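The values are calculated or read from the model by the stated rules, or taken from the named source; none is laboratory data. Note that this is a predicted model, so its numbers are computed, not measured. Cβ: placed from backbone, ideal geometry, glycine included. Neighbour counts: every protein chain shown.
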Amino acid sequence: MLYVALVFGLAWVVDEGFKAGTSANLLKSEATTILSVTAGVLVLIILMVGESMARSRAGLMMTIAALLGAIAMMLVDRRNSAAVFPRRMLVAATAIAFIIAVQFALYGILERFGDDPLADGRIRFAHNTIRAAMAFLPTGTGLGTFVPVYGMFEPTVDIIENKYVNHAHNDFLEFWLETGALGIGLLTVFFIWFGRRALTIWRRSTAANREIDLCLMRAATLVITFLALHSLVDYPLRTSAIAAMAAFACALLVDPLRTNETEGRHVNSAVGKEISRNRTSRDATTASTAPRRAFSLSREADVAANPTRQAGARWGEDIEWPEEWRKATGSNGDKPGKG
């Protein structure tokens with residue numbers, strides 16, 4: 001969990017360092033920028049010191065790999081190749097963390113690495129798990145069945161008194177045992193997708209995304225890679241918190257609906273053209289119906305002005321027209337005449 005948080009923290013610090021550019025620019029920046037950079041460096045120091053005190057061999061190796069990954073993120077970032085401040089921040093944070101770790105955790109680290117990495121039984125666990133998985137191909141034994149199934153294939157010489165093997169300490173082998181060929185197929189599909197996405201993201205220019213988004217996407221590829229490597233010797237993804245972080249990292253690899261501001265401008269332009277087209281059409285319709293509306297309004301006004309007029313009566317029947325006009329139109333008095 002510490003090295004996963006460290007990777008995302010490094011992405012944040014790298015982005016803030018490139019925004020500052022140089023130390024002189026940082027001193028001229030606003031207080032919020034200075035506070036953000038300081039907080040980022042402090043978080044990196046705390047995470048690295050915490051990792052050293054945890055004394056996990058895999059964790060320490062992944063921490064070193066995370067620092068190398070941060071260097072790679074700085075090298076591929078094309079915002080400002082002359083900016084040296086991000087590298088200085090990273091070196092300073094690492095140096096301070098190393099000094100603190102030497103003071104408080106060096107003896108524990110040396111003692112941990114002094115143990116034989118093969119003496120903890122991981123090789124025997126893997127060998128027995130492979131035997132069990134081969135016996136239950138192609139369907140597997142079912143999720144959550146590792147403990148009883150492993151006990152069926154565990155030699156007597158490998159049994160530890162008053163203890164049992166709860167996991168294979170190789171999550172891929174355990175997944176193979178429980179899910180069979182289907183699980184291996186799903187894992188293969190995932191890693192093909194992940195490999196293609198990682199290549200695309202690391203080759204992408206910062207012009208295509210906001211800088212912090214691209215830094216986080218690259219950090220997500222590192223997180224998934226480190227967790228996959230760690231799963232070869234342990235089972236980190238079976239921890240709920242780390243599984244949630246892995247899911248978050250996978251989500252970061254998916255492109256948003258709008259990948260840049262240019263696309264947003266194109267969408268807004270298209271919407272604007274559609275609105276303008278609808279407005280023009282509405283204005284034309286209004287212009288064509290204006291005379292009829294005016295005539296209708298005049299009829300209503302005439303009826304309102306002459307309340308004695310009967311409903312449905314012909315217009316003009318209550319007017320004293322000249323007799324010649326009535327004869328010409330075939331009207332005789334109030335009733336229509338024959339023409």
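Filtered by the rule that a residue be under 27 Å from V223 (Cβ atoms) and modelled with pLDDT of 75 or more, the range 112-122 gives a lone residue, R122.
Restricting attention to the range 159-214 and to residues that are among the β-branched types (V, I, T), part of a helix (DSSP H, G or I) and surrounded by 11 or more Cβ atoms within 10 Å (Cβ to Cβ), the residue that is farthest from the chain's Cα centre (by Cα) turns out to be T179.
I'd like to verify a number: residues in the range 228-252 that are under 18 Å from the mean Cα position of the chain (by Cα) and under 20 Å from N166 (Cα atoms), how many?
Summing the residues that are under 18 Å from the mean Cα position of the chain (by Cα) and under 20 Å from N166 (Cα atoms) in the range 228-252 gives 3.
On the given criteria, is I109 part of a helix (DSSP H, G or I), within 29 Å of V223 (Cβ to Cβ), of a type in the set (A, V, I, L, M, F, W, C) and at pLDDT 85 or above? Even if it seems obvious, please write down each step before you answer.
Working: part of a helix (DSSP H, G or I): yes; within 29 Å of V223 (Cβ to Cβ): yes; of a type in the set (A, V, I, L, M, F, W, C): yes; at pLDDT 85 or above: no.
Spelling it out, it is not the case that I109 is part of a helix (DSSP H, G or I), within 29 Å of V223 (Cβ to Cβ), of a type in the set (A, V, I, L, M, F, W, C) and at pLDDT 85 or above.
Here is a list: A241, A246, A219, A198. Which entry is closer than 21 Å to N170 by Cα, among the small types (G, A, S), modelled with pLDDT of 85 or more and in contact with a Leu (Cβ under 9 Å, 6 or more places away or on another chain)?
Working: A241 fails: in contact with a Leu (Cβ under 9 Å, 6 or more places away or on another chain); A219 fails: closer than 21 Å to N170 by Cα; A198 fails: closer than 21 Å to N170 by Cα.
Answer to the check: A246.
Of all residues in the range 35-55, those satisfying the criterion of being of a type in the set (G, A, S) and touching a residue at least 40 places away in the same chain (Cβ under 8 Å) are G40, G50, S52, A54.
Within the range 75-89, can one find any residue that is surrounded by 20 or more Cβ atoms within 10 Å (Cβ to Cβ) and either aromatic (F, W, Y) or at pLDDT 80 or above (or both)? Can you show your working first?
Initially, the range 75-89 is screened for residues surrounded by 20 or more Cβ atoms within 10 Å (Cβ to Cβ), giving 77, 85-86, 89.
Keeping just the survivors that are either aromatic (F, W, Y) or at pLDDT 80 or above (or both) gives 85.
Yes: one or more hits.
When S281, S276, S288 are screened for being over 28 Å from S56 (Cα atoms), modelled with pLDDT under 55 and surrounded by fewer than 11 Cβ atoms within 10 Å (Cβ to Cβ), only S288 passes. What do you reckon, is I212 modelled with pLDDT of 95 or more and over 22 Å from R122 (Cα atoms)? No, not satisfied.
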